[in-house]
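Here is the structure we will look at.
The values are calculated or read from the model by the stated rules, or taken from the named source; none is laboratory data. These numbers were taken from a predicted model, which means no experiment stands behind them. Cβ: placed from backbone, ideal geometry, glycine included. Neighbour counts: every protein chain shown. Accessible surface areas use protein heavy atoms only, side chains included; no ligands, DNA or RNA. Shrake-Rupley method; radii C 1.70, N 1.55, O 1.52, S 1.80 Å.
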Amino acid sequence: MKLGIIGTSTITTQFLEACQLVGGIDLHSVYSRRLEKAEQFGNQYGAKKFFDDLEAFFSDEELEAVYIASPNSLHYEQAKQALEHDVNVFLEKPVTSTLKEWQDLVQTAFDHEVYLMEAARHLYEPNFQKVTELVLSFDKIDGATLSYGKYSSKMPAYLAGENPNIFNPAFSGGAIMDLGVYVIHAAIAWFGAPNEAMYVPKMSQTGVDLSGTGVLRYDDFNVTILCSKDMNLYLESEIYSGQKTIRLPELTAISKIVLSDGDKDETVAVEPAKQAMNDEVARFKALVAGEVSEEDYHDQLNHSAMVINVIEKMRQSAHIFFPADKLQNEDV
């Protein structure tokens, strides 16, 4: 598969390392706003072509798929352009700023008979699947607390008065979009779509959330969501069913699953992949190769729709708005 990339950050480096381990994927081209940066980054991985013009990048007839890891607000337009050029799209989380944007991308993918997938890596990890099996084995769910927070490398710049993309509403930044999305993915994978979603944030001076606490309300239980980019969270994630509790020291790249039953603890886990993005890259490769069933593919697209819909509702409850929200309302 001849692959192009947009975005030259650390996550793109991890993605390309996973591509090398999975095999059968060649870095064909790199786009950056600065051609020099595209060449500097792509030469490390044997890229053949370099672009600073998106139309030229997507018009390359050899290009089969693209990995998009640009700022959140750019995902929609770049993915739309790729799909309209019959290029398969692997789109970093969060897929889009709004549900309407995602729905349009899905329809465009179907219209052009190409594939679209969100890069939510933990969904495809074996230990994440083991948690899913445990949840399904419970007679009932009484609640959950799901936590993910990391002190951002961009916090010093923010504290110095700068406005990094990840803390800028113009780029659809903030904690719920960048890290809370992992937690929402997990909640929906394990419990389905909630009836209600609300969010109480700690706001930045720039107009997005630095951290926050959310609640997802289901028929018979609630899920508490914790996410942060201005502090590190070490709290275990837990899922409750009567006397039984699933305990997870981490929510992504899960290495340990503890099933506590009263005073008894049982560790249930398999060896995680050595490279965190291996499983999702293998899934995307299988999808493009036509090795994923149509039903599974539709479920995957619907899952991403539920995630971005929940995040949108949480933002609205906290009065966090992006330029994309205004554009959406104007379209309506």
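Assorted remarks:
- All distinct Cα pairs of region 54-146 go into the 1/r average, and the inverse of that average, the Kirkwood radius, is 15.0 Å.
- Applying a threshold of 30 Å to the alpha-carbon distances of Lys130/Lys202; Lys80/Lys202; Lys93/Lys202; Lys100/Lys130 flags Lys130/Lys202; Lys80/Lys202; Lys100/Lys130 as lying beyond it.
- Where labels lie 7 Å past Cα in the beta-carbon direction, separation of His319 and Ile11 in nm: 2.9
- Accessible carbon and sulfur surface of region 69-175 relative to its total accessible area, %, 1.4 Å: 49
- Each part reduced to its alpha carbon centroid, region 1-45 and region 102-174 end up 21 Å apart.
- Convex hull of alpha carbon positions in region 5-85: directionally averaged projected area 5.0 nm².
- Fully extended contour minus Cα-Cα distance, from Lys2 to Ala253, at 0.36 nm per residue: 87.6 nm
- Using a probe of 1.4 angstrom and keeping all protein chains present, the accessible surface of the chain works out to 45 square angstrom per residue.
- Based on every Cα atom in region 100-232, Rg and the maximum pairwise Cα distance Dmax equal 17.0, 51 Å.
- Residue order by solvent-accessible surface for Thr206, Thr96 is Thr206, Thr96, largest first, with ligands and nucleic acids left out and a 1.4 Å probe.
- The stretch between Glu291 and Leu136, if pulled fully straight at 0.36 nm per residue, gains 53.2 nm over its current Cα-Cα span.
- Restricting region 262-315 to trypsin sites (Lys or Arg not before Pro) in coil, as DSSP defines it, with at most 13 other Cβ within 10 Å: Lys274
- Full-extension gain in nm, Ala193 to Phe110, via 0.36 nm per residue minus C-alpha separation: 27.5 nm
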